[in-house]
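Everything below concerns the one structure shown next.
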Amino acid sequence: HNRKVRKRMSATITPRPVQKLIEEFGRLPGIGPKTASRLTFHMLRSPREQAIALAEAILDVKDRVTLCSVCFNTTEADPCGICASHDRDREQICVVQEPLDILALDRTGEYKGLYHVLRGAISPLDGIGPDKLRIKELLARVENRRGDAPVGEVILAMNNDIPGNATAMYLWRELARTGVRVTRLASGLPVGGDLEYADEVTLGRALSGRREL
């Protein structure tokens, strides 16, 4: 009861547009109530032009950014720059869970091949099965290269946690029948940690020390 009273009092004290922006910031991942409030009042103090630039950037992303039809990375052009590049090693495909993982791996300078984004990981508790990921498309790329260089190696760059490990094992079983070489990033990545937060040196060593599955 006291909590409801405090919430009503807070809504009364705070102007509705401010409260709405706090709520919208709070929907973002990793943003708690205090951070949402700080961001909101920062925008209030900022020039109007900065708020307009932020709003336009958000709309621009929603209107102009799409998924690559080959690797399912975020892109403005289809296919994306990596898939269209003739400088990449087209005999290697590194499989990641999310687009942010590509940024992390490419920063290492150790990997020059192609990528495939699953758009998640297998997690039955969250209702995410293999059918909800871009696994069929990965198998199609490995099995049918449409006259391009055949895939010689698939690198599984999953997060080192329960969903990531479950996904890696499922992919290994599916890819084994294609005859392609399947490797996984070497140990050194923190257990339970996300790939995007690993530093370049750790990721570089994990790539160079990848092992057979």
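The values are calculated or read from the model by the stated rules, or taken from the named source; none is laboratory data. Because the structure is a prediction, the values reported are computed rather than measured. Reconstructed Cβ throughout: ideal geometry from the backbone, glycine too, with neighbour counts over all protein chains shown. Just so you know, the surface numbers come from the protein's heavy atoms only, side chains and all, with ligands and any DNA or RNA stripped out. Shrake-Rupley method; radii C 1.70, N 1.55, O 1.52, S 1.80 Å.
Say whether the condition of being open to solvent by 20 Å² or more (accessible area, probe 1.4 Å), under 17 Å from K112 (Cα atoms), at pLDDT 75 or above and part of a strand (DSSP E or B) is met by at least one residue in region 138-157.
no
Here are E98, E24, E76: which of them is touching a residue at least 40 places away in the same chain (Cβ under 8 Å) and more than 23 Å from N144 (Cα to Cα)?
E98
So for region 114-123 (the condition being touching a helix residue (DSSP H, G or I) at 6+ places or on another chain (Cβ under 7 Å) and part of a helix (DSSP H, G or I)), does at least one residue qualify?
No, every residue in region 114-123 fails to be touching a helix residue (DSSP H, G or I) at 6+ places or on another chain (Cβ under 7 Å) and part of a helix (DSSP H, G or I).
Take G164 and decide whether it is at pLDDT below 95, out of contact with any Cys (no Cβ under 9 Å at 6 or more places or on another chain) and under 16 Å from D89 (Cα atoms).
no
Can you tell me which residue is modelled with the highest pLDDT among those in region 191-208 that are open to solvent by less than 70 Å² (accessible area, probe 1.4 Å), not charged (D, E, K, R) and not in a helix (DSSP H, G or I)?
A198
Within region 17-67, work out how many residues are outside any helix (DSSP H, G or I), surrounded by 12 or more Cβ atoms within 10 Å (Cβ to Cβ) and not aliphatic (A, V, I, L, M).
The total comes to 2.
Out of R211, R177, R181, R173, report the one residue that is modelled with pLDDT under 75, of a type in the set (K, R) and over 19 Å from the mean Cα position of the chain (by Cα).
Just a single option satisfies the conditions, and that option is R211.
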